[in-house]
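The values are calculated or read from the model by the stated rules, or taken from the named source; none is laboratory data. Values in this document were obtained by computation on a predicted structure and should not be read as measured data. FYI the Cβ positions are ideal-geometry reconstructions off the backbone, even for glycines, and counts take in every protein chain you see.
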Amino acid sequence: MALTESAPAEADQMSQDRLRSMYRDMVLGRLLDERILVLNRQGRAPFAISGQGHEAAQVGVGYALRRGHDWLVPYYRDLTLVLVMGMEPRDHLMAALGRAADPNSGARQMPGHYGSRAHNIVTTGSPVATQILHAVGVAQAFRYRHEDKVVVVSVGEGGTSEGDWHEGLNWAAIYHLPVIFLVENNSFAISVPQSRQMAVPHVADRAIGYGMPGVVVDGGDVMAVHEAATQAVARARRGEGPTLLEAVCVRLQSHSSDDDQRRYRTADDLAEMRRHDPVERFRIQLEASAVLADGDADEIRLECQRLIEAAQAEADKAPVPDSATALLHVYGEG
Ligand SMILES: Cc1ncc(C[n+]2csc(CCOP(=O)(O)OP(=O)(O)O)c2C)c(N)n1
């Protein structure tokens, strides 16, 4: 297991446009997430599951992939990661409001269950960790077809207690499959803390037992995540096999719109966690290195807000599914 941290010089190596674009995607993910929570509180979106605090991990990994070529098997917190893969704010809002035009499932699945054939995103299943096996199957298909694609599958640290996790990692390591197992470790599985989930400090400590590299990275440091993910992707593409990449994140919101984390976390814990907001952290870093000039961050925010307003206006007007189609995809035709 190796612990990686971003070197300040690393930012210089990446073009300023790309850094701004990474920041913009983090802001877009954050604002869209906030909007969906508001729609839920207004009684308009039936359910919301927030990715706030995971944006740096998701953008860092997403920017290491070849969009339209590589594949993603996401989990429900990956709002920002699926944006990086090509989904649009409009797609998220269609899903949140249960519109027929929801590209994930035509409003059949709960919001947060992403899927897009157009963007190589495999549909999310509700039972946690089932996606691990789906991703290993996808990687096995790449192998049969002699394709140089890689697949990222994401999961929370709680999901790694499931049997699917063990089966998937074991198989992928034996056959050197091109998978990146991304653990977005926010230290809680609903109300269950990590200390009740495993007796080791890091999920990545277990990688040695499977025979693959295990890397722990500060999931609030987008450049550190990007560097670690780039290495894991290169290794997978070279045919050298999977990597377990653990991004240590914060969960800024409750587990979902049906939860209240103030009931099981102390006020001090919550206040301390809020000091580690990854979006703010990246803004400060980019302003200090003059990648963002005075006023740039406000402008990016405004641009994202305008996009979200337009997307919501479109989703507001869009029809809900026709009730006559309720059984579509449930039973065989006829
Ligand atoms: C097999 C299964 N067991 C339980 C649940 C209920 N459940 C949904 S999310 C969740 C917590 C998962 O926590 P973690 O994997 O740490 O991810 P996080 O939500 O913290 O990002 C649980 C127990 C489920 N969906 N599937």
Discussion item. Tell me whether the range 102-114 contains one or more residues that are in a helix (DSSP H, G or I), surrounded by fewer than 19 Cβ atoms within 10 Å (Cβ to Cβ) and more than 16 Å from the ligand (Cβ to nearest atom).
Written reply: no
Item to complete: Given the conditions (1) near the ligand (Cβ under 10 Å from one of its atoms); (2) surrounded by fewer than 19 Cβ atoms within 10 Å (Cβ to Cβ); (3) under 26 Å from ALA141 (Cβ atoms); (4) touching a residue at least 40 places away in the same chain (Cβ under 8 Å), report the number of the one that ASN170 does not fulfil.
Response: (1)
Worksheet item: Residues SER126, SER154: which one is within 16 Å of the ligand (Cβ to nearest atom), closer than 26 Å to SER105 by Cβ and either part of a loop (DSSP other than H, G, I, E, B) or free of Cβ contacts under 8 Å to residues at least 12 places away in the same chain (or both)?
Response: SER126
Fill in: Flag for SER50 being under 28 Å from GLY214 (Cα atoms), hydroxyl-bearing (Ser, Thr, Tyr), part of a loop (DSSP other than H, G, I, E, B) and at pLDDT 95 or above
yes
Practice prompt. Hey, can you tell me all the residues within the range 177-203 that are of a type in the set (A, V, I, L, M), touching a residue at least 60 places away in the same chain (Cβ under 8 Å) and over 21 Å from THR266 (Cα atoms)?
Written response: LEU177, VAL179, ILE180, LEU182, VAL183
Item to complete: Name the one entry in ARG301, ARG283 that is of a type outside the set (A, V, I, L, M), buried (at least 19 other Cβ atoms within 10 Å of the Cβ) and under 17 Å from VAL59 (Cβ atoms).
Response: ARG283
Response to the item:
Of the residues in the range 155-204 that are touching an Asp or Glu at 6+ places or on another chain (Cβ under 9 Å) and of a type in the set (Asp, Glu), the one that is nearest to VAL61 (Cα to Cα) is GLU184
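Out of all the residues in the range 182-192, is one or more more than 13 Å from the ligand (Cβ to nearest atom), of a type in the set (S, T, N, Q) and surrounded by fewer than 22 Cβ atoms within 10 Å (Cβ to Cβ)?
No, that holds for no residue.
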Worksheet entry | Some residue of the range 31-40 being within 14 Å of the ligand (Cβ to nearest atom), at pLDDT 95 or above, within 21 Å of GLY219 (Cα to Cα) and outside any helix (DSSP H, G or I) | no
Discussion item. So if I check each of SER187, SER126, which one is on the phi > 0 side of the Ramachandran plot and among the polar types (S, T, N, Q)?
Written reply: SER187
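Which members of the range 141-156 meet the condition of being surrounded by 16 or more Cβ atoms within 10 Å (Cβ to Cβ) and not small (Gly, Ala, Ser)? Lay out the reasoning, then the answer.
Let us first name the residues in the range 141-156 that are surrounded by 16 or more Cβ atoms within 10 Å (Cβ to Cβ), namely 142, 149-156.
Within the range 141-156, PHE142, LYS149, VAL150, VAL151, VAL152, VAL153, VAL155 meet the criteria.
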Fill in: Among (1) at pLDDT 95 or above; (2) crowded, with 17+ Cβ neighbours inside 10 Å; (3) closer than 30 Å to PHE142 by Cβ; (4) over 18 Å from the mean Cα position of the chain (by Cα) - the single one ARG99 does not satisfy
(3)
Practice prompt. Kindly provide the set of residues from the range 54-98 that are assigned to a helix (DSSP H, G or I), more than 16 Å from ASN120 (Cβ to Cβ), more than 16 Å from the ligand (Cβ to nearest atom) and among the small types (Gly, Ala, Ser), ordered by number.
Written response: GLY60, ALA95, ALA96
Worksheet item: From ALA297, ALA318, which residue is within 15 Å of SER21 (Cβ to Cβ), small (Gly, Ala, Ser) and in contact with a helix residue (DSSP H, G or I) (Cβ under 9 Å, 6 or more places away or on another chain)?
Response: ALA297
Discussion item. Given the criteria within 16 Å of the ligand (Cβ to nearest atom), under 19 Å from the mean Cα position of the chain (by Cα) and of a type outside the set (A, V, I, L, M, F, W, C), does PRO278 qualify?
Written reply: yes
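Confirm whether ARG275 is more than 17 Å from GLN16 (Cα to Cα) and loosely packed, with under 11 Cβ neighbours inside 10 Å.
yes
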